[in-house]
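Asker: Have a look at this one.
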Ligand code: GLV
Ligand code: MN
Ligand code: MN
């Protein structure tokens with residue numbers, strides 16, 4: 001394998017990296033995201049691919065004319081606040097490098113092959129994750145998506161427009177979806193299962209059901225030095241109770257629950273807050289456990305709010321059902337890549353992916369690359385060069401197989 005992966009990787013690596021934290025801040029349609037998307041367009045064109053932007057802001061780079069039974073690979077370039085280098089970019093850079101690898105092997109696909117970059121996968125700016133793939137598949141309406149606003153009140157529709165795209169084109173694209181015969185996403189592992197199994201690459205079996213809920217607690221701002229405790233309506237207290245209950249409920253149900261984002265108004269040290277807005281991220285192996293966690297948090301928030309003279313309102317912002325990846329595709333990939341060693345480790349994940357959204361519409365699979373730290377959504381996320389190359393080689397094998405690639409002269 002050549003060092004094409006390293007070359008591409010080093011081009012993209014500085015884009016959106018914060019010098020102080022070392023983490024990435026690539027928020028959809030912002031300067032770093034725009035630069036990363038521009039880099040992709042140039043890199044794809046330099047490799048002879050035809051690049052299109054669909055009506056939802058997702059990028060598609062085609063090798064061969066877009067047509068039926070296409071094999072598509074790719075991931076995303078946006079990040080969480082101070083995210084790691086690999087979550088998303090590994091699958092985009094890896095896809096371009098895998099195409100280079102097919103060429104070096106003298107192969108040409110017999111079916112159209114495309115690399116895609118999905119927009120707003122993390123939902124870091126507009127709140128709903130996998131927004132580009134949800135729009136593409138019709139899992140979210142164009143009206144709702146277009147109206148999603150960032151922290152400054154800028155909507156997805158306006159941000160797209162500012163990027164030169166037409167929000168009038170938002171919505172499900174059945175023609176584009178109908179062309180896809182299979183989608184395969186290469187991704188960094190966001191845990192340590194591959195470290196424990198001693199394998200550089202694994203294949204996904206399922207994605208846990210998960211979702212995001214917003215809780216708005218409203219009370220009365222007041223002076224921290226003069227307002228008697230008994231006279232306060234302090235929204236911080238039911239918020240704190242909800243956070244602790246999320247942890248207890250997750251433990252009781254074998255689930256995961258996180259409150260990683262909170263906004264306090266007016267956010268003064270010497271003022272009782274007037275409002276606390278918090279986001280609960282909950283995930284579980286089954287819908288029942290997930291529901292149980294959310295119901296417990298909701299009940300704790302309401303009970304404690306009533307006790308403290310605070311009002312609370314809860315909103316579901318996004319929900320992703322259990323996804324089982326296509327068994328035939330998964331087994332084909334495991335046999336192709338795992339070969340003589342008897343298959344690849346099979347991994348279930350609690351992380352959401354565009355592949356999980358696409359799985360409702362087309363046969364879909366994921367390959368994971370070992371992450372020695374097991375950490376993700378943080379600068380410590382890692383992968384060795386050798387493991388990235390193993391991931392690219394595995395993806396190239398899979399793409400060669402699925403596209404029926406043959407020697408160039410026979411194409
Ligand atoms: C995406 O990375 C998610 O699962 O939050
Ligand atoms: Mn992520
Ligand atoms: Mn990702």
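The values are calculated or read from the model by the stated rules, or taken from the named source; none is laboratory data. Given the structure is predicted, the values throughout are model-derived calculations rather than measurements. Note: ideal-geometry Cβ built from the backbone for every residue, glycine included; neighbour counts use all protein chains shown.
Yes or no, residue by residue, for (1) surrounded by 15 or more Cβ atoms within 10 Å (Cβ to Cβ); (2) within 29 Å of the chain's Cα centre (by Cα):
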| residue | (1), (2) |
| --- | --- |
| 267 | no, no |
| 270 | no, no |
| 284 | yes, yes |
| 287 | no, yes |
| 290 | yes, yes |
| 295 | no, yes |
| 306 | no, no |
| 329 | yes, yes |
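To keep it simple, each residue is scored yes or no on (1) surrounded by fewer than 23 Cβ atoms within 10 Å (Cβ to Cβ); (2) under 17 Å from the mean Cα position of the chain (by Cα); (3) away from ligand 3 (no atom under 16 Å from the Cβ).
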residue: 98; (1), (2), (3): no, no, yes
residue: 117; (1), (2), (3): no, yes, no
residue: 125; (1), (2), (3): no, yes, no
residue: 129; (1), (2), (3): no, yes, no
residue: 134; (1), (2), (3): no, yes, no
residue: 137; (1), (2), (3): yes, yes, yes
residue: 140; (1), (2), (3): no, yes, yes
residue: 149; (1), (2), (3): yes, no, yes
residue: 152; (1), (2), (3): yes, no, yes
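Asker: Still on this structure, please answer the following. Determine, yes or no, whether residue 184 is in a strand (DSSP E or B) and either away from ligand 1 (no atom under 16 Å from the Cβ) or free of Cβ contacts under 8 Å to residues at least 24 places away in the same chain (or both). Give the steps one after another, and end with the answer.
Answerer: On the way: in a strand (DSSP E or B): yes; either away from ligand 1 (no atom under 16 Å from the Cβ) or free of Cβ contacts under 8 Å to residues at least 24 places away in the same chain (or both): yes.
It is true that residue 184 is in a strand (DSSP E or B) and either away from ligand 1 (no atom under 16 Å from the Cβ) or free of Cβ contacts under 8 Å to residues at least 24 places away in the same chain (or both).
Asker: If you go through the range 92-106 one residue at a time, do you hit one that is without any contact (Cβ under 8 Å) to a residue 60 or more places away in the chain and outside any helix (DSSP H, G or I)?
Answerer: Within the range 92-106 (the criterion being without any contact (Cβ under 8 Å) to a residue 60 or more places away in the chain and outside any helix (DSSP H, G or I)), the answer is no, since none of the residues qualifies.
Asker: Please work out if residue 391 is in a helix (DSSP H, G or I), touching a helix residue (DSSP H, G or I) at 6+ places or on another chain (Cβ under 9 Å) and either away from ligand 3 (no atom under 16 Å from the Cβ) or modelled with pLDDT of 95 or more (or both). Spell out the reasoning first.
Answerer: Values: in a helix (DSSP H, G or I): yes; touching a helix residue (DSSP H, G or I) at 6+ places or on another chain (Cβ under 9 Å): yes; either away from ligand 3 (no atom under 16 Å from the Cβ) or modelled with pLDDT of 95 or more (or both): yes.
Yes, satisfied.
Matching residues to (1) within 16 Å of ligand 1 (Cβ to nearest atom); (2) in contact with a strand residue (DSSP E or B) (Cβ under 7 Å, 6 or more places away or on another chain):
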{"residue": "312", "(1), (2)": "no, yes"}
{"residue": "323", "(1), (2)": "yes, yes"}
{"residue": "339", "(1), (2)": "no, no"}
{"residue": "360", "(1), (2)": "no, no"}
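Asker: Quick one: residue 278 ticks every box in (1) within 23 Å of the chain's Cα centre (by Cα); (2) outside any strand (DSSP E or B) except a single one, so which number is it?
Answerer: Residue 278 satisfies every listed condition except (2).
Asker: Considering the range 45-85 alone, what residues qualify as being farther than 23 Å from residue 163 by Cα and touching a helix residue (DSSP H, G or I) at 6+ places or on another chain (Cβ under 8 Å)?
Answerer: Matches in the range 45-85: 47, 63, 66, 67, 68, 69, 70, 71, 73.
Asker: Just checking, does the range 204-226 include any residue being closer than 30 Å to residue 397 by Cβ, touching a residue at least 12 places away in the same chain (Cβ under 8 Å) and surrounded by fewer than 23 Cβ atoms within 10 Å (Cβ to Cβ)? Spell out how you get there, then give the answer.
Answerer: Keep residues of the range 204-226 that are closer than 30 Å to residue 397 by Cβ, which gives 204-208.
Then drop every residue that is not touching a residue at least 12 places away in the same chain (Cβ under 8 Å), which leaves 204-208.
Applying the additional criterion that residues be surrounded by fewer than 23 Cβ atoms within 10 Å (Cβ to Cβ) yields 205-206.
Checking the range 204-226: at least one residue is closer than 30 Å to residue 397 by Cβ, touching a residue at least 12 places away in the same chain (Cβ under 8 Å) and surrounded by fewer than 23 Cβ atoms within 10 Å (Cβ to Cβ).
Asker: Let me ask something else about it. What are the residue pairs meeting all of these: first residue in the range 50-79, first residue in contact (Cβ under 8 Å) with a residue 60 or more places away in the chain and at positive phi, second residue buried (at least 22 other Cβ atoms within 10 Å of the Cβ) and part of a strand (DSSP E or B), Cβ atoms under 6 Å, and 6 or more apart or on different chains?
Answerer: 74/115; 74/116; 74/117
Asker: What about residue 365, is it touching a residue at least 60 places away in the same chain (Cβ under 8 Å), within 16 Å of ligand 2 (Cβ to nearest atom) and either surrounded by fewer than 23 Cβ atoms within 10 Å (Cβ to Cβ) or outside any helix (DSSP H, G or I) (or both)? Outline the logic, then answer.
Answerer: On the way: touching a residue at least 60 places away in the same chain (Cβ under 8 Å): yes; within 16 Å of ligand 2 (Cβ to nearest atom): no; either surrounded by fewer than 23 Cβ atoms within 10 Å (Cβ to Cβ) or outside any helix (DSSP H, G or I) (or both): yes.
It is false that residue 365 is touching a residue at least 60 places away in the same chain (Cβ under 8 Å), within 16 Å of ligand 2 (Cβ to nearest atom) and either surrounded by fewer than 23 Cβ atoms within 10 Å (Cβ to Cβ) or outside any helix (DSSP H, G or I) (or both).
Asker: Only residues that are within 13 Å of ligand 3 (Cβ to nearest atom) and either touching a strand residue (DSSP E or B) at 6+ places or on another chain (Cβ under 7 Å) or part of a strand (DSSP E or B) (or both): list them for the range 59-83, please.
Answerer: Result: 74, 75, 76, 77, 79, 83.
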